[in-house]
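Presented below is the structure to which this report refers.
The values are calculated or read from the model by the stated rules, or taken from the named source; none is laboratory data. Predicted, not measured: the structure shown is a model, and the values here were computed from it. Every residue, glycine among them, receives a Cβ derived from its backbone with ideal geometry; neighbour counts consider all protein chains shown. Just so you know, the surface numbers come from the protein's heavy atoms only, side chains and all, with ligands and any DNA or RNA stripped out. Shrake-Rupley method; radii C 1.70, N 1.55, O 1.52, S 1.80 Å.
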Amino acid sequence: METLKGLKPEAVWGYFEEICRIPRPSRKEEKIGAWLMEFARKHRIEARQDEAGNVLMSKPAMPGREEAPTVVLQAHMDMVCEKNADTVHDFDKDPIRPYIDGEWVKAKGTTLGADDGIGMAAALAVLTSEEVKHGRVECLFTVDEETGLTGAFALKPGFFSGKILLNLDSEDEGEMFVGCAGGIDTVVRMPYTKETVPAHRFAVKVTVKGLQGGHSGDDINKGRGNAIKILNRFLWEMNRKHGISVASFAGGNLRNAIAREASAVMVFEEALKEPVRVAFNIYAAEMERVWKITEPGIALELESEEVPTEVLDAASTTKLLNALYACPHGVFAMSYRMPGMVETSTNLAAVEFTEENTILITTSQRSDVDSEKMNIAQMVAAVFRMAGASVEHGEGYPGWAPNPDSAILKIAVDSYKRLFGKEPVVRSIHAGLECGLFLEKYPGMDMISFGPTLRGVHSPDEKVEIKTVEMWWRHLTDILEKV
């Protein structure tokens, strides 16, 4: 474990580096689950695993702390698997390669997985510590937080016993989260008809890349570009002016990540080569100007492509481009109850052609008001249904309403002020957390969520600030000692 050697606290960083070696895509957590169970056996920690794959480890109270209430430390096993286009990496087999870059830990060309590998590492460090003075501790590691919360959904009553839960899955040191948005996925399947490409046609591939991407909840209000929307805007304009055809369109990846890259192959009459290239150069320059502040790395490319044998017919091309143009993306409403916070948003996450003459379009919606969550989801559905697509909504997950009388919040705030001499920020988060489901299954649970500072989450730019991990560890262990 040389890569992160010397970072403090050593146990947290050591376990995090071990976790980075284990593939753990969402819904493929078998390897990390087995590693956790072996970790428990090796350290003689009581552990069990449920049918969904969730793991619970338990540690008795330290001497003198037997009367303290049980505290649940919770983190999720899976990670978002995103990589740069030029990075060769198999998330099912290859380890994440963390490295130190100044004040941050990053990964080489991929997501780092500090969301929520650093939370797992901290919980394991508590389990193996002989110094932290705590009552009985239960460490809950859930599966599939990133793509469906299926681990939290599958939890059975009685799997854990604690009534106080510390969620270790937040991304801003000095901030404590006491509520979160609920969410729902909306999946679109748009049928299309193909036609043979006539003679004297020319093909180009248009690419949008270099965007920051990021978390579709926590970063949705930061003015970042969506590669699908930026690409589609150009295609839509070319179709309006010249009647182009689309041969392929691919952009984005995961429903909870803002699309960083997108590309499409479009076909048009040979006589239009020069007008299309001129229009592209003007559009690319305009996009660089528009996104200069929030997306300084934006890059648009146009290159010649071999003319395909088939393309979408005119009607299918127009339906697709119109629907993507009309589909809302970004912040829909700000909160009046918590000024400065996003209330409702939607993310146009991914577009891909399938083998069944169908275009699969993935979106996700979030809101801390359940009716508004459904309102924006139905708005997205209505856009695509007008284009003749079929639409399905996922099961969704509930939000987590803040508890102003939270006892663990008071302990955590007092601890932070005593340790660091300043007030922490207490707020709700627009991203989804498993806490809403925990509260639904375990009524009366007293919870907060907190963590070190992470940036670029859900993108290959993901990084964790080194100094904040030590601050967070001090805060976590002090809370455990004061409960």
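Here are the numbers for the structure shown:
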| read-out | value |
| --- | --- |
| Helix 466-482 axis, angle to the chain major axis (alpha carbon atoms, nearest 10°) | 40 |
| Extension gain (nm, one decimal) between Glu270 and Arg97, 0.36 nm per residue minus Cα-Cα | 57.6 nm |
| Hypothetical label at Ile282: residues of the range 220-250 whose amide nitrogen lies under 12 Å (7 Å Cα-Cβ projection) | 238, 241 |
| Cut-off under 5 Å, modelled amide H: who pairs with Met176 long-range | Val425, Val426, Arg427 |
| Dipole of the range 209-303, positive end: most advanced residue of Asn232, Ala264, Val246 [Cβ charges, Cα centre] | Asn232 |
| Other-chain or far-sequence residues with amide H under 5 Å of Asn54's (modelled H) | Val143 |
| Alpha-carbon centroid distance for the pair the range 421-474 / the range 129-196, whole angstrom | 11 |
| Dipole of the range 327-453, positive direction: furthest Cα of Ala377, Ala412, Ala389, with charges on the beta-carbon | Ala412 |
| Spin-label model distance (nm) - Phe420 vs Thr294, 7 Å beyond Cα toward Cβ | 2.7 |
| Low-density loop positions, trypsin sites (Lys or Arg not before Pro), the range 416-449 - DSSP coil, at most 10 other Cβ in 10 Å | Lys422 |
| Electrostatic dipole magnitude of the chain [Cβ: Lys, Arg +1; Asp, Glu -1; Cα centre; debye, to 20] | 520 |
| Equivalent ellipsoid dimensions for the range 284-413 as semi-axes, Å, which come from the Cα gyration tensor, largest first | 37, 22, 13 |
| Entries of Lys83/Lys106; Lys31/Lys106; Lys42/Lys133; Lys8/Lys417; Lys59/Lys133; Lys229/Lys273 with Cα pairs more than 18 Å apart | Lys31/Lys106; Lys42/Lys133; Lys8/Lys417; Lys229/Lys273 |
| Average accessible area per residue (Å²) across the chain - probe 1.4 Å, nucleic acids and ligands excluded | 42 |
| Accessible-area composition of the chain, carbon plus sulfur, in percent [1.4 Å probe] | 50 |
| Restricting the range 295-347 to GluC sites (Glu not before Pro) in coil, as DSSP defines it, with at most 14 other Cβ within 10 Å | Glu306 |
| Sequence-separation-based contact order of the range 84-204, relative, with Cα cut under 8 Å and 6+ spacing, percent | 14 |
| Ordering of 287-296, 326-335 by packing [mean C-beta count within 10 Å, highest first] | 326-335, 287-296 |
| Karplus (6.51, -1.76, 1.60) ³J(HN,Hα), θ = phi - 60°, over the range 379-396, in Hz, Gly and Pro reported as x | 5, 4, 4, 4, 4, 6, 5, 5, 8, x, 8, 9, 10, 10, 9, x, 5, x |
| Pairwise FRET efficiency - Glu46 versus Thr3, Cβ, R0 = 35 Å, nearest 0.05 | 0.65 |
| Read-out log10 I(q)/I(0) by the Debye sum over Cα atoms at q = 0.06, 0.09, 0.11, 0.12 Å⁻¹, derived from the coordinates shown; its label in (1) -0.32, -0.70, -0.99, -1.13; (2) -0.29, -0.63, -0.90, -1.04; (3) -0.36, -0.74, -0.99, -1.11 | (2) |
| J(HN,Hα) series, the range 113-130, from Karplus relation 6.51 cos²θ - 1.76 cosθ + 1.60, nearest Hz, glycine and proline x | x, 5, 8, 10, x, 6, x, 4, 4, 5, 4, 5, 5, 5, 4, 9, 7, 9 |
| For Ser216, residues with placed amide H under 5 Å, excluding near neighbours | Ala257, Ile258 |
| For the range 291-359, with +1 on Lys and Arg beta carbons and -1 on Asp and Glu, the positive-most of Asn357, Pro296, Gly340 along the dipole | Gly340 |
